[in-house]
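Below is one structure, written out as structure tokens; comments come after it.
The values are calculated or read from the model by the stated rules, or taken from the named source; none is laboratory data. Just so you know, these numbers come straight off a predicted model, no measurement behind them. Here the Cβ positions follow ideal geometry from the backbone for every residue, glycine too, while neighbour counts run over all protein chains shown.
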Amino acid sequence: MGSISFRNVDKVFGHGTGGVKALDDINLDIADKEFVAIVGPSGCGKTTCLRMVAGFEAASAGSVLVNGRPVTAPGPDRAVVFQQFALFPWKTVRENIELGLRNKNLPVGERNDLVASALKLMNLETHVDAFPHQLSGGMQQRVAIARAYVLDPEVLLMDEPFGALDAQTRVVMQEELVRLARHNPRTVLFITHAVEEAVYLADRVAIMTRRPGRIKEVLDIKAVRERENWDSHARIEDVMDLESFVHLRTHIWKSLREEKGFKDV
Amino acid sequence: MASVASRRTLIGGMTVIGLVVLWFGLTTFTGLVTGARFPSPAEFWLSLKQINGRGYAGSTLASHAFHSLKLVLMGFTVAVLTGVPLGLWMGWNRRVEAFINPVFLIIRPIPPLAWIPLAILWLGLGDAAKILVIWFSAFVPSVINAFTGVRNIDKPILEAARMLGTPRLRMVREVILPASLPMIFTGLRLSLQASWTTLVAAELVGALVGVGFVLNMAQQDIYPGMILVGMVTVGILGWVTTLLLARVERRALAWNVAARD
Ligand SMILES: Nc1ncnc2c1ncn2[C@@H]1O[C@H](COP(=O)(O)OP(=O)(O)O)[C@@H](O)[C@H]1O
Ligand SMILES: [Mg+2]
């Protein structure tokens, strides 16, 4: 189980007249094992939404629920993949992935098995003993994803996880994430700037207004994906050429362009 | 890389040779600088032979040097073992910082050397007074840099550790401590420098043995050759200990990109 609910959530940073309203009456329900992407102009509060589910930030009004219970603190049931990876530079790849399992006090044998399968899943077997600074950005992000996945979390929170990667690496990672999401479905809250990424990955896409952020529109991608059989195409570029894909993408672009100046798109 | 490094060594070597030539030139060859002001290489050599043979200021150079080194290492160790944990604690816990910071604000403007008279008054001319002043002077850089190290930890790294459910003790040992380690080592380098400065000053003012005591005696005997021996000895000791610390640092920070080369 891993449902997420935003109920009339406001978020204000600061106090009194100096306060900045970042989120305004956010309502969103994400079902168990659903993959929802949030897109919106920068500064609209996407990261803030994710940080509230993670337990790093509290709502100013309303409530954020996971499995029907209010979030109070961070925890391994809600794994986060950060944009800047946030790996521990003094730990090797293995040690980075292992920490969460050690914290769960799993027996060594079981821990080793889980780490081994996470390494295999993310194609990291040849870099087990490397330090993060010895890896490329794409490899570092694989470690970060493995570190999150190995926890077997109910909820996976990803804040522009591919934003720091170059275009080619990004495409590879998107394809891998889809593979991962099919192989082992999780509830995912995924934040991105990139509209195509959102449409390609998500079951639903929520579009936010500019600050103070509200949910403007939620699009059902999954229905279209299944109807048009996107998964029969192995490559991301083939999916992105489909008329149904282009249609959704253009719709979101237009919606976003109303929110931000032309220059930002 | 290698060629740049070897070129640097070459230039460095030439500078040293140039200085030695200049030394000979100004003293022995031209006599522009008389032995009453600065010793010639020959006078330096004679002083060195004397202190290594018969001894000077009560003992040989080796035992003076060993004594000073021992005090520095003891004072430095005490300062680091107390300063770094305090700095980490202040960095981690804002209430601790609020308590301790005022004490620092009052004590910090007092130069460590100004503690020497009080330390001698309390503890006499022996080792304890020296260790105390070294502690005072080396403590501060250790505390401040450990503190800054904790405060400058990349926030997402702490959040990642919390998200992974890292318990408190493991958080300190495996996240906060290593994340602060580059800054901690900066503090240790400054602490080590401070230790030598303070020790020599303390031995100059009041001691019965040690390199600073040699300097003090040589000054009273108007003995430039021996003064230079004392200075060179302190220089070499400081250099060697710094080098050792740098080696420890390179090992401990092998994971750190910034610390490489
Ligand atoms: N800790 C904070 N303190 C003050 N303001 C903040 C803080 N975090 C975010 N904000 C503000 O809240 C708004 C939303 O930020 P964020 O959620 O990071 O937006 P996004 O991820 O959509 O770019 C921004 O205007 C930002 O400046
Ligand atoms: Mg953001």
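Brief remarks on what is shown
- Residue match in segment A:45-54 (condition: small (Gly, Ala, Ser), within 12 Å of ligand 2 (Cβ to nearest atom), part of a loop (DSSP other than H, G, I, E, B) and on the phi > 0 side of the Ramachandran plot): yes
- Residue within segment B:200-216 that is among the charged types (D, E, K, R) and surrounded by fewer than 19 Cβ atoms within 10 Å (Cβ to Cβ) present: no
- The listed residues are B:Ile116, B:Ile131, B:Ile100, B:Ile110, and the only one of them that is β-branched (Val, Ile, Thr), free of Cβ contacts under 8 Å to residues at least 60 places away in the same chain and closer than 30 Å to B:Val209 by Cβ turns out to be B:Ile110.
- Conditions (1) of a type outside the set (Lys, Arg); (2) more than 21 Å from A:Ala206 (Cα to Cα); (3) within 16 Å of ligand 1 (Cβ to nearest atom); (4) at pLDDT 95 or above; number of the one not met by A:Glu95: (3)
- Checked against the criterion of being free of Cβ contacts under 8 Å to residues at least 60 places away in the same chain and within 14 Å of chain B (Cβ to nearest Cβ), segment A:151-172 has at least one qualifying residue.
- Of the residues examined, A:Ile4 is one that is of a type in the set (A, V, I, L, M) and more than 16 Å from ligand 1 (Cβ to nearest atom).
- The residues listed here are A:Arg111, A:Arg186; of these, the one that is among the basic types (Lys, Arg), away from ligand 2 (no atom under 16 Å from the Cβ), in contact (Cβ under 8 Å) with a residue 40 or more places away in the chain and surrounded by 17 or more Cβ atoms within 10 Å (Cβ to Cβ) is A:Arg186.
- Residue pairs meeting the criteria (Cβ under 9 Å; at least 6 apart or on separate chains; first more than 14 Å from chain B (Cβ to nearest Cβ), in segment A:58-87; second among the aromatic types (Phe, Trp, Tyr) and within 15 Å of ligand 1 (Cβ to nearest atom)): A:Ala59/A:Phe6; A:Ser60/A:Phe13; A:Gly62/A:Phe6; A:Ser63/A:Phe6; A:Val64/A:Phe6; A:Leu65/A:Phe6
- Residue count, segment A:103-126 (criterion: outside any loop (DSSP other than H, G, I, E, B) and either among the basic types (Lys, Arg) or within 14 Å of chain B (Cβ to nearest Cβ) (or both)): 6
- Residue within segment A:7-22 that is closer than 30 Å to A:Pro132 by Cα, within 16 Å of ligand 2 (Cβ to nearest atom) and at pLDDT below 95 present: no
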